[in-house]
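Novice: The structure that follows is given in the form of structure tokens.
The values are calculated or read from the model by the stated rules, or taken from the named source; none is laboratory data. Quantities reported herein were computed from a predicted structural model and do not represent experimental measurements. When we count neighbours, we look across all protein chains shown, and the Cβ atoms used for this are built from the backbone with ideal geometry, even at glycine.
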Amino acid sequence: MKAILVAGGAGYIGAQTCKQLAAAGFLPVTIDNLSTGYRQAVKWGPLVEADIRDRNAIASTVAQYDIRAAMHFAACSLVGESVQNPVKYYDNNIGAAVSFASGLIESGVKSLIFSSTAAVYGIPKTDLITEDHPTIPINPYGATKLAFEQALHWIARSSDLTFTVLRYFNASGADLDGEIGESHDPETHLIPLLSKAAIGSGAPLSIFGSDYPTPDGTPIRDYIHVVDLAAAHIAALQRMLSGGSSSIFNVGTGVGASVAEVIRTAESILAKEMPRRIGPRREGDPAVLVADPSRILHSLDWAPRFSDLHTIILTAMWWQKNRFY
Ligand code: UFG
């Protein structure tokens, strides 16, 4: 069985990808220090409890399981925290990531899929963002993700490493079987906060600004279901294992939804009004962030299947109601 090393396989998107790797006939081997991930989320293959900077752990794991490729999900991912504590982001999202890439190369791993973000684009200059849009991040989170993308470019030129960068738009929703979901502490994302509020286990929702230049005044995002996002990793992996070259792909749907639309969809599922208040804008939030997904649709065997708002919110609410970690 082909084994894949999954850094951050105990996290929200990493665990979902492990589930799909196993379904596709791979053995997902998670390396995770459990700083934000959950042991209970590692169900589809072994867990190596180690830091991604641990070269000995990487070398012995690669040798033990005959690892064919790696995926890197093990990063810090909160925009607000990155502004408060940039050193943490530079240290982990660049320092540890470069060390991980170097450990992979030393161990003979030749393919790496990296979780990047739409935050690399900063304030978009176009309605739909292609991969060639200028990258001018406006927070340390986006800056550090972009810096590692650039590091990968140079590292690949000087080695036989091939990489795929996946720039995620708004990852959301939960596993369709209820096995994995979003459990961040603190939680800052709209859909889990909304889901908690909906089931009465969280504060009423605060809308961060209603004076944006959008049709209803609230910001628009491209929400991509975590099952679709994980599927993009499997498609990218298959392409790399068949000799595909290094590439960058947006992972989004090309369709945006406003905060007000998200709330309306939740209300239609619940068949009741949700308490909410309009608060001030959150620093660093662009008005509109929507992918042009043409490149991934044409290049990979992939298309979104579960990324309609109804499925995203229903699965997210179901997870928040029944979550076991
Ligand atoms: N929002 C609210 N109230 C909340 C939380 C969020 O109104 O309590 C709004 C935000 O202002 C934003 C939208 O809901 O307009 C979505 O916010 P999220 O926090 O869920 O997601 P972001 O769009 O801020 O973040 C996502 C990814 C980041 C990435 C960023 C790029 O999660 O990793 O897009 O801007 F960096």
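Novice: From the set of residues in the range 174-206 that are assigned to a helix (DSSP H, G or I) and either among the charged types (D, E, K, R) or over 18 Å from the mean Cα position of the chain (by Cα) (or both), which is farthest from residue 77 (Cα to Cα)?
Specialist: Taking the range 174-206 and keeping what is assigned to a helix (DSSP H, G or I), we get 190-198.
Remaining after also requiring either among the charged types (D, E, K, R) or over 18 Å from the mean Cα position of the chain (by Cα) (or both): 194-198.
Working: 194: 19, 195: 20, 196: 20, 197: 23, 198: 25 Å.
My answer is 198.
Novice: Anything in the range 279-294 that is near the ligand (Cβ under 8 Å from one of its atoms), among the small types (Gly, Ala, Ser) and in a strand (DSSP E or B)? List them, or say none. Before the answer, list the steps.
Specialist: Within the range 279-294, the first condition is being near the ligand (Cβ under 8 Å from one of its atoms), and the residues that meet it are 279, 281-282, 284-286, 289.
Subset that is among the small types (Gly, Ala, Ser): 279, 284.
Within the range 279-294, 279 is the sole residue that qualifies.
Novice: Please find, among 254, 217, the residue that is in a loop (DSSP other than H, G, I, E, B), within 14 Å of the ligand (Cβ to nearest atom), of a type in the set (Gly, Ala, Ser) and at pLDDT 95 or above.
Specialist: On the way: 254 fails: within 14 Å of the ligand (Cβ to nearest atom).
So the residue among 254, 217 that is in a loop (DSSP other than H, G, I, E, B), within 14 Å of the ligand (Cβ to nearest atom), of a type in the set (Gly, Ala, Ser) and at pLDDT 95 or above is 217.
Novice: Any idea how many residues of the range 232-248 are surrounded by fewer than 24 Cβ atoms within 10 Å (Cβ to Cβ) and either under 17 Å from the mean Cα position of the chain (by Cα) or in contact (Cβ under 8 Å) with a residue 12 or more places away in the chain (or both)?
Specialist: Residues meeting the conditions: 11.
Novice: Could I ask something else about it? Is one or more of the residues making up the range 64-76 charged (D, E, K, R), in contact (Cβ under 8 Å) with a residue 40 or more places away in the chain and on the phi > 0 side of the Ramachandran plot?
Specialist: Yes, the range 64-76 contains at least one residue that is charged (D, E, K, R), in contact (Cβ under 8 Å) with a residue 40 or more places away in the chain and on the phi > 0 side of the Ramachandran plot.
Novice: Within the range 13-76, considering only strands (runs of 3 or more DSSP E) that don't extend past its boundaries, which have at least 2 residues that are buried (at least 22 other Cβ atoms within 10 Å of the Cβ)?
Specialist: Where strands (runs of 3 or more DSSP E) fall fully within the range 13-76 and carry at least 2 residues being buried (at least 22 other Cβ atoms within 10 Å of the Cβ), they are 27-32, 67-72.
Novice: I want to confirm something. Restricting to the range 141-173 and keeping residues that are under 20 Å from residue 90 (Cβ atoms) and either assigned to a loop (DSSP other than H, G, I, E, B) or of a type in the set (Gly, Ala, Ser) (or both), which single residue is nearest to the ligand (Cβ to nearest atom)?
Specialist: Of everything passing the filter in the range 141-173, 142 is nearest to the ligand (Cβ to nearest atom).
Novice: When only residues in the range 306-323 that are in contact with a helix residue (DSSP H, G or I) (Cβ under 6 Å, 6 or more places away or on another chain) and more than 14 Å from residue 194 (Cα to Cα) count, which is surrounded by the fewest Cβ atoms within 10 Å (Cβ to Cβ)?
Specialist: Looking at the filtered set, the residue picked out is 306.
Novice: Report, by residue number, each residue of the range 220-236 that is within 12 Å of the ligand (Cβ to nearest atom) and over 16 Å from residue 258 (Cα atoms).
Specialist: Correct list: 226, 229.
Novice: Which residue pairs have Cβ atoms under 8 Å apart, sit 6 or more places apart or on different chains, and have a first residue in the range 1-18 that is among the charged types (D, E, K, R) and a second that is part of a loop (DSSP other than H, G, I, E, B)?
Specialist: Cβ pairs passing all conditions: 2/25; 2/26; 2/66.
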